[in-house]
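*Asks:* There's a structure below that I have some questions on.
Rule-based calculations on the coordinates, nothing more; no lab input. Only a predicted model underlies this, so the values are computations on that prediction, with no experimental measurement involved. Positions of Cβ are backbone-derived with ideal geometry, glycine not excepted, and every protein chain shown enters the neighbour counts.
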Amino acid sequence: MKFNQRAAAATILAVAATGMLTSCAGTAPSAPPAKPVAGDRPLVDRAKWPEATPGRGLAQGLTLPLETYMQTYQETVVLDGAVRQLQEECMADYGLPVRLPVEGTNPPPSDNDANMERRYGLTDREAAAAHGYGLPDEATEPVRQKVPELEPAEFEVLTGRKLPAAAAAGAPRQSAERARDSYNGKKLHEGGCTDWAARQIAKPSQDDLTFVAELNGNSFTESMRLPAVTKALAEWSQCMDGKGHKGLTTPFDAANRVPHVVGRPSPEEIAIAVAEVDCKQQTGLVDVWFKEESRLQTALVAQHLGRLDPIRSRNGAAVHAAGTRAGH
């Protein structure tokens, strides 16, 4: 069977064309609006984007110290949008106009890596009563975008690599073979238009984002061993025993007690989810846990300020540059 290079390019383009997703000071500028798709369903629906801080429930308004250094979802969308626009402009400079997938179409449930809405388990009784351990939109079909099928020359200009040969069904198609040196009399950028665009925006490195995420994870793990938290967890467990949900040590045990069917929580799941939130309210577990972990994170920030402040500055500068560009 003849190998369809255009179809192969479409598969790889999803990774090559977008450097998406996982804050720094200031508010991110707005991402440009996207055109609606069939059925009047918007391609980007900002109303579905996660809030910066939980807007209701036991975690309402809570923000941990390390969140200052995390990249928010809105910032990520702004940065990825600027990079995408630069990629498209770069391709046009070679006489190869292309429209790449738009960012911000399928937002995550939390604004950043702290995941405050569910960091300490369920915190929103209303949501628990309606969805159990599920998410409000989990059964909704994700927004799908058509990925352009690139000719071999287009793929080379975009990625700086040659379009790979066919691979076995289901196997990833990768190529380390360097692209041609020039196209239409113009020298190709190192790493193609993809890497060139990323260099113009100077997004924070993955190492930066990973460093903050690791500190965030470490503080959570350590907080679970603090005496005040273990005491509050024991009280929560006793409360759950009294509601008929025995043998649960942490809220995460509760989540695993009953199976979850996407979009169809059972009465048993609803019951344990609501009880989890009610017992947290009765014992003050979320308040205690948040206070203790905040203390840990404050110490971590002080210890690593020399690295964290530059991360925040780099992210803020990149977001500002991306926002300025979007405004033109």
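*Asks:* Starting with the highest mean, order 229-241, 129-141 by the number of other Cβ atoms within 10 Å, averaged over the residues of each peptide. Don't jump to the answer; show the numbers that get you there.
*Replies:* On the way: 229-241: 18.2, 129-141: 15.1.
Sorting 229-241, 129-141 by mean packing, highest first, produces 229-241, 129-141.
*Asks:* Would you mind checking the pairs LYS48/LYS243; LYS48/LYS231; LYS162/LYS187; LYS246/LYS280 and listing those with alpha carbons more than 26 angstrom apart?
*Replies:* Numbers: LYS48/LYS243 34 Å; LYS48/LYS231 37 Å; LYS162/LYS187 15 Å; LYS246/LYS280 15 Å.
Among LYS48/LYS243; LYS48/LYS231; LYS162/LYS187; LYS246/LYS280, the Cα-Cα distance tops 26 Å for LYS48/LYS243; LYS48/LYS231.
*Asks:* Also, I was wondering about something else. Can you pull the semi-axes for the range 78-212, root of five times each eigenvalue of the Cα gyration tensor, sorted largest first, whole Å?
*Replies:* Details: eigenvalues 287, 66, 44 Å².
Semi-axes, largest first: 38, 18, 15 Å.
*Asks:* Relative to the present Cα-Cα distance, how much length would full extension add between PHE252 and ALA299 at 0.36 nm per residue of separation?
*Replies:* On the way: separation 47, 0.36 × 47 = 16.92 nm, distance 2.62 nm.
Extra length from PHE252 to ALA299 when fully extended: 14.3 nm.
*Asks:* So what's the gap between the Cα centers of the range 286-328 and the range 182-259, to the nearest angstrom?
*Replies:* The range 286-328 and the range 182-259 have Cα centres spaced 15 Å from each other.
*Asks:* Using packing as a proxy for protection, rank 79-88, 58-67 so that the peptide with the highest average count of other Cβ atoms within 10 Å comes first. It would help to have the intermediate numbers written out before the result.
*Replies:* Details: 79-88: 23.3, 58-67: 19.4.
In descending order of packing, they fall as 79-88, 58-67.
*Asks:* Here's another thing I want to ask about it. Rounded, prolate or oblate: which one fits the range 161-315, using the alpha carbon gyration tensor with axes a ≥ b ≥ c (rounded when a/c is under 1.5, else prolate when a/b beats b/c, else oblate)? If you can, show how the numbers build up before the last one.
*Replies:* Values: a/c = 4.20, a/b = 1.83, b/c = 2.29.
Since a/c reaches 1.5 but b/c is at least a/b, the shape of the range 161-315 is classed as oblate.
*Asks:* Taking 2.2 N^0.38 Å as the expected size of a compact globular protein, what ratio does the Cα radius of gyration of the range 47-99 give against it, to two decimals? Could the numbers behind the result be given before it?
*Replies:* Values: Rg = 17.4 Å, N = 53, 2.2 N^0.38 = 9.9 Å.
Rounded to two decimals, the normalised Rg is 1.75.
*Asks:* Let me ask something additional. Please list, in order, the residues from the range 112-140 whose amide nitrogen is less than 15 Å from a point placed 7 Å along the Cα→Cβ vector of LYS48.
*Replies:* So the set is 135-140.
*Asks:* If a/c stays under 1.5 just call it rounded; otherwise compare a/b with b/c (prolate if a/b is bigger, oblate if not). Do that for the range 239-328, with a ≥ b ≥ c from the square roots of the Cα gyration tensor eigenvalues. Write down the numbers at each step before the final one.
*Replies:* Numbers: a/c = 3.87, a/b = 1.85, b/c = 2.09.
In terms of gyration-tensor shape, oblate.
*Asks:* A follow-up question, please. Could you tell me, in Å, what Rg and Dmax come out for the Cα atoms of the range 5-326?
*Replies:* Over the range 5-326's Cα set, Rg and Dmax evaluate to 23.1, 77 Å.
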